[in-house]
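The values are calculated or read from the model by the stated rules, or taken from the named source; none is laboratory data. Being a predicted model, the structure only gives us computed values, none of them experimental. Using ideal geometry, Cβ is built from the backbone for each residue, glycine included, and neighbour counts are taken over all protein chains shown.
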Amino acid sequence: MHIKVGYELLYDCPQPTPMLLMLNIHYSRAADIVEPDHLAVAPSVPLAAYRDGFGNWVTRIVAPAGLTRISTTAVVRDSGLADPVVSDARQYLVPELPEEALVFLLASRYCETELLTQTAWHLLEHSPPGWARVQAICDFVHHHIHFDYMQARATRTAWEAYNERIGVCRDYAHLAIAFCRCMNIPARYCTGYLGDIGMPPPYGVMDFAGWFEAYLGGAWHTFDARNNIPRIGRVLLARGRDAVDVAISTTFGANTLRGFRVWTDEVPAPE
């Protein structure tokens with residue numbers, strides 16, 4: 001299947017404002033890109049780019065004073081299959097883990113393992129280690145947090161999400177990641193496109209989605225505590241320790257987001 005993805009962001013800046021943009025499809029999907037997601041900025045400004053420490057592609061701009069439009073449209077080839085379930089993937093002991101996975105055991109800005117370790121073990125210590133334990137974490141988080149888009153807050157942490165019991169997809173992901181790390185399972189935050197392909201209506205307003213990956217059985221596997229079922233058509237943008245590392249935009253100055261649209265739709269494959 002083919003999926004058309006894209007976005008349009010409108011920023012209003014009172015003065016020239018430096019920005020970091022993490023808005024390109026992740027290099028792990030490069031072979032699937034049918035029509036590339038070239039980033040367009042209007043009015044036109046110079047673009048510079050680099051790979052961050054997690055391998056994500058970051059674009060640097062200085063948005064001029066006034067209204068700036070940032071947009072793209074791309075087409076991605078996809079298997080059309082739901083997220084794989086590998087129920088026998090085992091949990092590694094910490095001494096067995098590869099060095100590159102160890103950073104995803106540590107506390108981070110939005111995932112305060114030091115505050116949640118006792119809670120995680122109290123709630124989930126009887127779950128079998130491995131895939132079943134991560135799924136038990138997702139089950140708990142899915143039922144513990146009430147989704148409310150109007151209650152989104154950029155500063156909400158996993159600890160706060162646990163206590164407030166409300167949030168959006170990033171809050172589900174942060175709490176699940178924190179619980180995994182508390183129980184010695186490396187977990188990393190993911191952001192990208194996730195539409196409603198294969199799902200019955202009604203459909204919600206499109207946004208970028210947050211989910212996570214856990215390291216089990218020698219590989220990283222996708223989990224989604226918000227939806228808590230395998231989904232079709234994820235298109236990864238970036239991975240990191242938590243939402244700080246994968247923010248779609250990081251701005252260094254005052255600005256107002258005047259417009260925000262995201263789309264992801266199945267389209268016919270070319271003949």
Of the residues that sit in segment 244-261 and are in a loop (DSSP other than H, G, I, E, B) and not hydrophobic (A, V, I, L, M, F, W, C), which one is surrounded by the fewest Cβ atoms within 10 Å (Cβ to Cβ)? 253
In contact (Cβ under 8 Å) with a residue 40 or more places away in the chain, out of contact with any Phe, Trp or Tyr (no Cβ under 6 Å at 6 or more places or on another chain) and farther than 22 Å from residue 97 by Cα - does that describe any residue in segment 135-144? yes
Can you name the number of the only condition in (1) of a type in the set (Gly, Ala, Ser); (2) touching a Cys at 6+ places or on another chain (Cβ under 9 Å); (3) at negative phi that residue 195 fails? (2)
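So that you can scan it fast, the table gives a plain yes or no per residue for (1) modelled with pLDDT of 95 or more; (2) in a helix (DSSP H, G or I); (3) surrounded by 24 or more Cβ atoms within 10 Å (Cβ to Cβ); (4) among the acidic types (Asp, Glu):
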residue	(1), (2), (3), (4)
159	yes, yes, no, no
171	yes, yes, yes, yes
175	yes, yes, yes, no
178	yes, yes, yes, no
181	yes, yes, yes, no
197	no, no, no, no
Residues that are part of a loop (DSSP other than H, G, I, E, B), modelled with pLDDT of 95 or more and closer than 21 Å to residue 191 by Cα: does segment 62-76 have at least one? no
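Residues checked against (1) of a type in the set (Lys, Arg); (2) not assigned by TED's automatic domain parsing to the domain that holds residue 155:
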| position | (1), (2) |
| --- | --- |
| 28 | no, yes |
| 31 | no, yes |
| 50 | no, yes |
| 69 | yes, yes |
| 86 | no, yes |
| 105 | no, no |
Residue under question is residue 211, and the condition is that it be aromatic (Phe, Trp, Tyr), touching a helix residue (DSSP H, G or I) at 6+ places or on another chain (Cβ under 7 Å), assigned by TED's automatic domain parsing to the domain that holds residue 116 and not in a loop (DSSP other than H, G, I, E, B); does it hold? yes
Extreme residue, surrounded by the most Cβ atoms within 10 Å (Cβ to Cβ), among residues of segment 42-65 that are charged (D, E, K, R) and free of Cβ contacts under 8 Å to residues at least 60 places away in the same chain: 60
